[in-house]
Amino acid sequence: MRLTRRAKILFTGIFIIVFLGVALLIINPFGKEETSSSEEEVTYTVNVVEEDIAIAASYVDSISTDKSSNTYSECKVKVIAGTAIGDYTLTNDQTFSKYVQLVGPGSDETIYSASSNAATHYAYGLLLTGDLIEKTNDETNEVTYEIVNAHITYDVVHMSLMDNENSAMIANQEGTDEKLVSVQELINALNSVDQRDTMLDW
């Protein structure tokens, strides 16, 4: 019995497919991908050198009633490479963010309950806290420092902007007292880990 031309083509195709399959199994029997030594996973030894430490502070903005937002804004804290954190120095830039609804005071609000100063703005300040790790490359012994487990909180300063707009009466965080400060002094303090607590609480 002679095979037709179509049958010959079919059998030839099947033979080629089987041959290629067997060849592939011989070359790579378990279907594993070969990896070069350059693609091997880098391993590190990690130590926590600073834990739950205040790392950076950032002034966001002063919001009036008219500038109140109904949406949440992404507020970022960027820590630059070379920043001293405790006894160590950050190796690379790192940026962290928190979404905050930036609202201003109510139209009839005072900076705290016993004050006669009308609240004109809320000043927002972020505080970044977290851990600092020391990572040592097990092969090269290169040491780097990185912020991990970071989280951002924020404080709202109730303020009454003076007529000259260069100074403001602000309330402490407990809402029990007020004092007059320059606006720039307030901004500088909210940008400083060391100064912010003195500005917020007294």
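Conditions tested, residue by residue: (1) on the phi > 0 side of the Ramachandran plot; (2) among the polar types (S, T, N, Q); (3) free of Cβ contacts under 8 Å to residues at least 60 places away in the same chain; (4) in contact with a Gly (Cβ under 8 Å, 6 or more places away or on another chain).
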residue: GLU50; (1), (2), (3), (4): no, no, no, yes
residue: ALA56; (1), (2), (3), (4): no, no, no, no
residue: ILE63; (1), (2), (3), (4): no, no, no, yes
residue: SER69; (1), (2), (3), (4): no, yes, yes, no
residue: LYS76; (1), (2), (3), (4): no, no, yes, no
residue: ALA84; (1), (2), (3), (4): no, no, yes, no
residue: TYR88; (1), (2), (3), (4): no, no, yes, no
residue: ASP93; (1), (2), (3), (4): no, no, yes, no
Item to check | Within the range 6-50, considering residues that are open to solvent by 100 Å² or more (accessible area, probe 1.4 Å) and part of a loop (DSSP other than H, G, I, E, B), the one modelled with the highest pLDDT | outcome: GLU41
Checklist outcome for this item: Expected single match for more than 21 Å from ILE187 (Cβ to Cβ) and crowded, with 16+ Cβ neighbours inside 10 Å among THR144, THR110, THR140 is THR110
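Would the range 124-137 turn up any residue that is outside any strand (DSSP E or B), open to solvent by 20 Å² or more (accessible area, probe 1.4 Å) and in contact (Cβ under 8 Å) with a residue 24 or more places away in the chain?
No, that holds for no residue.
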Checklist entry - Restricting attention to the range 162-188, which residues are crowded, with 20+ Cβ neighbours inside 10 Å and free of Cβ contacts under 8 Å to residues at least 60 places away in the same chain? => result ALA168, MET169, ILE170
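Out of curiosity, is ALA119 more than 22 Å from ILE53 (Cβ to Cβ), in contact with a helix residue (DSSP H, G or I) (Cβ under 9 Å, 6 or more places away or on another chain), at pLDDT 95 or above and open to solvent by less than 70 Å² (accessible area, probe 1.4 Å)? Give the derivation first.
Values: more than 22 Å from ILE53 (Cβ to Cβ): yes; in contact with a helix residue (DSSP H, G or I) (Cβ under 9 Å, 6 or more places away or on another chain): no; at pLDDT 95 or above: yes; open to solvent by less than 70 Å² (accessible area, probe 1.4 Å): yes.
Against the criterion (more than 22 Å from ILE53 (Cβ to Cβ), in contact with a helix residue (DSSP H, G or I) (Cβ under 9 Å, 6 or more places away or on another chain), at pLDDT 95 or above and open to solvent by less than 70 Å² (accessible area, probe 1.4 Å)), ALA119 does not qualify.
The values are calculated or read from the model by the stated rules, or taken from the named source; none is laboratory data. Computed from a predicted structure; not experimentally measured. Counting neighbours? That spans all protein chains shown, and the Cβs are built from the backbone with ideal geometry, glycine included. Keep in mind that these areas ignore ligands, DNA and RNA; they rest on the heavy atoms of the full protein, side chains included. Shrake-Rupley method; radii C 1.70, N 1.55, O 1.52, S 1.80 Å.
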